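Peer 1: Sharing a structure with you now.
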């Protein structure tokens with residue numbers, strides 16, 4: 001590709017858990033707890049979501065998936081720390097630089 005690198009290879013993401021309701025922080029075993037500006041349920045058949053994820057080289061297969069947008073890790077949980085005024089989630093795939101986190105479950109602090 002002239003003047004740039006080739007597009008990334010597609011990555012298939014298989015989500016093993018769908019968002020049901022807020023879980024305790026101890027239930028987050030897949031990665032760090034994230035504070036996301038927003039969360040959205042995404043279906044593999046949603047053309048808008050598929051286009052955005054496609055730009056990142058991500059293919060979501062199967063069930064509806066809760067994704068977090070503009071996320072950052074919460075490193076301190078407890079009194080006086082871990083403030084998040086938006087959506088606190090635990091996500092299976094946080095490998096996109098905070099832009100999007102995939103396979104999220106709401107967390108209660």
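Peer 1: Sort 55, 74, 69 by Cβ crowding within 10 Å, fewest neighbours at the top.
Peer 2: Lowest count first: 55, 69, 74.
Peer 1: Order of 97-106, 27-36 by packing, highest average Cβ count within 10 Å first?
Peer 2: Taking the mean over residues of other Cβ atoms within 10 Å, the ranking is 97-106, 27-36.
Peer 1: Between residue 99 and residue 41, what is 0.36 nm times their sequence separation minus the Cα-Cα distance? Round to one decimal in nm.
Peer 2: Gain on extension, residue 99 to residue 41, equals 19.3 nm.
Peer 1: Still on this structure, I have one more. Under a point spin-label approximation (7 Å from Cα along Cα-to-Cβ), what is the residue 26-residue 109 distance to one decimal in nm?
Peer 2: Once both label points are built, they end up 2.0 nm from each other.
Just so you know, all these numbers are worked out from the coordinates, no wet-lab data involved. Bear in mind the structure is a predicted one, so any value in this text is a computation, not a measurement. Neighbour counts run over all protein chains shown; Cβ positions are idealised from the backbone, glycine included.
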